[in-house]
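Written below as structure tokens is the structure these notes are about.
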Amino acid sequence: MATLGSAQLPAETSIPSAVSTAPVTKLAPRHSALVRVTHWITTICFFALLLTGIEIVISHPRFYWGETGTVLTAPLFQLPIPSSRSTVPTGYRYVLPDQNGWSRALHFEAAWIAVLTGLLYVVSGLLTGHFRKNLLPSNADFSWRALLTSFTKPLRFERPGEAETSSYNVLQRLTYLFVIVILFPLVIWSGLAMSLAFASAFPWSVTLLGGRQSARTIHFFVSLALVLFLFVHVAMVCLAGFWNRTGAMITGRTATPKEHP
């Protein structure tokens, strides 16, 4: 019965609730436990290698090409920074604090942890089909439209679409493969080539790089390429949604829109 000051609505009329109109998300599987563990171990090792590598370079910020290179040898190039050793001619009248001892020890320890972690990741990726399913581009990915879109979207600061929430686009696949197949092996190879013990056991590996000093120079430039990849990788994660992508690498799941029935 209707009362004064009220209106009676037909029985078939309903007021949509705020809950039904709110966007609903679901958590979809994204990364396996092994991928997540190896990712964060590699991340920690990378920052340790970067910090200690800077300290090692400061002790002798001159680079050469060939087998030998000393303070009496003309460098291929040198960094415009002071050294931590007074015997290295840099043009500055002062030296930085020498941290070469602990930095070399930590550098080698972090490097071996990163190598073993990388081997575990590669073996697991081959056995489980992770590379084939998630990293190897398909024939459709090499179309001009797919390539152009993957290159231009980040330049326009466009957020990835829903399809990219659970997979990588062709640019990401090619970049990750380049880092895994080319940059990581090369930085490990050039790093080992600077070791006297490794050079004595495998002299051909040092000769192929042009000598121990050439290996040091190659190691420096490959490290710069990895640092550049790190900046681009973090920028892409921020563009795609930092907390969602970071959470996916921690929990293994990512939030995706849930379709209404």
Qualifying residues in region 93-113 (those that are more than 29 Å from THR207 (Cα to Cα) and aliphatic (A, V, I, L, M)) - the one most open to solvent (accessible area, probe 1.4 Å): VAL95
Scan of region 208-219 for residues that are surrounded by 17 or more Cβ atoms within 10 Å (Cβ to Cβ) and hydrophobic (A, V, I, L, M, F, W, C), ordered by number: LEU209, ALA215, ILE218
Among (1) assigned to a helix (DSSP H, G or I); (2) surrounded by fewer than 16 Cβ atoms within 10 Å (Cβ to Cβ); (3) modelled with pLDDT under 70, the one test that LYS153 misses: (2)
Extreme residue, most open to solvent (accessible area, probe 1.4 Å), among residues of region 229-249 that are under 18 Å from THR175 (Cα atoms) and among the aromatic types (Phe, Trp, Tyr): PHE231
Elements of type helices (runs of 4 or more DSSP H) in region 176-261, at least 2 residues being of a type in the set (S, T, N, Q) and more than 21 Å from THR52 (Cα to Cα): 203-208, 212-251
Residue in region 28-44 that is under 30 Å from TYR92 (Cβ atoms), among the β-branched types (Val, Ile, Thr) and at pLDDT 85 or above present: no
Matching entry among THR42, THR68, THR73, THR90 (being without any contact (Cβ under 8 Å) to a residue 60 or more places away in the chain, among the polar types (S, T, N, Q) and either open to solvent by 40 Å² or more (accessible area, probe 1.4 Å) or more than 18 Å from GLN213 (Cβ to Cβ) (or both)): THR73
Among the candidates LEU106, LEU76, LEU116, LEU51, residue that is more than 19 Å from LEU226 (Cβ to Cβ) and among the aliphatic types (A, V, I, L, M): LEU76
Among the candidates SER190, SER205, SER223, residue that is open to solvent by less than 50 Å² (accessible area, probe 1.4 Å) and in contact (Cβ under 8 Å) with a residue 60 or more places away in the chain: SER223
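The values are calculated or read from the model by the stated rules, or taken from the named source; none is laboratory data. What you are looking at is a predicted structure, and each value in this text was computed from that prediction instead of being measured. With ideal geometry, Cβ positions are generated from the backbone for all residues, glycine too; neighbour counts draw on all protein chains shown. Areas reflect the complete protein model, heavy atoms only, side chains present, ligands, DNA and RNA absent. Shrake-Rupley method; radii C 1.70, N 1.55, O 1.52, S 1.80 Å.
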